Amino acid sequence: MSHLDSVDQKPWIVIKLGGSSLQEDNIVRQIAKDVKKLSDLDYKLLIIHGGGPAINEALSEKKITWEFIEGQRKTTSEMMIVIENTLVGTVNRKIQKIFSQEGIPVVGLSGSDLEMLLCEPQNESLGLVGLVKKVSSEVIKVLVQGSKLRVIPLVAPIGVDEKGERYNINADMAAMNLAVDLKAQHLVYMTDQPGIWDQNKQLIKEIESLALYQLTETHVVQGGMLVKVRAVIQALRNNVQEVDIIDARTEGNLFSLVHENKSVGTRCYRN
Ligand SMILES: Nc1ncnc2c1ncn2[C@@H]1O[C@H](COP(=O)(O)OP(=O)(O)OP(=O)(O)O)[C@@H](O)[C@H]1O
Ligand SMILES: [Mg+2]
């Protein structure tokens, strides 16, 4: 079977790279090595990244202050320019450089390209934080399924509305939106923790949607993990079969999970 036929038959796997892990080149390089192994085995991959820490640095440099409301950064127009420049211009390019050095033909994209992530304001109090109302994954399918090059799309979580206005979208939500649209079988969140902690700070190895919801209600998950868990619940509800939250810092985690089906963090299932 040719590479293209083989890829065509594979289900999509969407991988979200968390911001804090991206600050360290050696972690990105470790992840790239796993991605390369999976890509060589014809897995059909889409990667989306965050960039919280890089955005914090860029905003601080410009002396712009910010506040988080339930894990989402309230976004003004002034901040939006910095956020877009940082995610698309700095973080995306940096990952692309390291992945290319590892021999991966990665194509950097912004969610605003071709209205891939079409948004509306999530709510007035959050300013330019976008809620995705429509996903157009055509460009991704063309890139991946139409080329023999084993192209991997790398998406920065920027949204756009019909007027071209840019939005700050939470990368965890954007990963969920893309996974749902692509009918992905597997969504993997790579973060700076071994997975989700329970109330005793013990790693939860397996959990179902309802129990995940209870973690949000009881405030066991907070901040960035709160948004992530909400995205996980939505992904499961919309037929993504398996969602895992794993440690980006541990070498080989991604490959063990995807190819060897080993549970390496928190495995989330639908009830
Ligand atoms: N119950 C919990 N289990 C694990 N982490 C938790 C929990 N409650 C809160 N957190 C926090 O959530 C953080 C992970 O979310 P965060 O948004 O910081 O990372 P990310 O989504 O991987 O990166 P980015 O947002 O930059 O893409 C952890 O570092 C931890 O401090
Ligand atoms: Mg986050």
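The values are calculated or read from the model by the stated rules, or taken from the named source; none is laboratory data. Remember, predicted model here, so these are calculated numbers, not experimental data. Every residue, glycine among them, receives a Cβ derived from its backbone with ideal geometry; neighbour counts consider all protein chains shown.
Some observations on this one:
- Identity of the residue in the stretch 39-62, modelled with pLDDT of 95 or more and of a type in the set (Asp, Glu), that ends up nearest to residue 10 (Cα to Cα): 57
- Residues considered: 177, 261. Of these, the only one that is more than 10 Å from ligand 1 (Cβ to nearest atom), under 24 Å from residue 156 (Cα atoms) and polar (S, T, N, Q) is 177.
- Residue list for the stretch 69-89, filter: part of a helix (DSSP H, G or I), surrounded by fewer than 16 Cβ atoms within 10 Å (Cβ to Cβ) and among the polar types (S, T, N, Q): 77, 85
- Pairing residues of the stretch 119-139 that are closer than 14 Å to residue 178 by Cβ and surrounded by fewer than 21 Cβ atoms within 10 Å (Cβ to Cβ) with residues that are modelled with pLDDT under 95 and hydroxyl-bearing (Ser, Thr, Tyr), at Cβ distances under 6 Å and at least 6 apart in sequence or on separate chains, gives no pairs at all.
- Check on residue 160, at negative phi, at pLDDT 95 or above and among the hydrophobic types (A, V, I, L, M, F, W, C): yes
- A single member of 19, 52 is touching a His at 6+ places or on another chain (Cβ under 9 Å), within 16 Å of ligand 1 (Cβ to nearest atom) and within 12 Å of residue 191 (Cβ to Cβ), and it is 19.
- Scanning the stretch 235-250 for residues that are more than 14 Å from residue 12 (Cα to Cα) and of a type in the set (A, V, I, L, M, F, W, C) yields 236, 245, 246, 248.
- Filtering the stretch 22-41 to residues that are charged (D, E, K, R) and over 17 Å from residue 188 (Cα atoms) leaves 24, 25, 29, 40.
- Test for residue 235: is it within 12 Å of ligand 1 (Cβ to nearest atom) and under 17 Å from residue 185 (Cβ atoms): no
- Beta carbons closer than 6 Å, at least 6 apart along the sequence or on distinct chains, pair a first residue in the stretch 180-202 that is farther than 9 Å from residue 12 by Cβ with a second that is surrounded by fewer than 17 Cβ atoms within 10 Å (Cβ to Cβ) for 180/238; 194/203; 195/203.
- Filter result for the condition that a residue is buried (at least 16 other Cβ atoms within 10 Å of the Cβ), out of contact with any strand residue (DSSP E or B) (no Cβ under 8 Å at 6 or more places or on another chain) and closer than 18 Å to residue 248 by Cα, over 48, 98: 98
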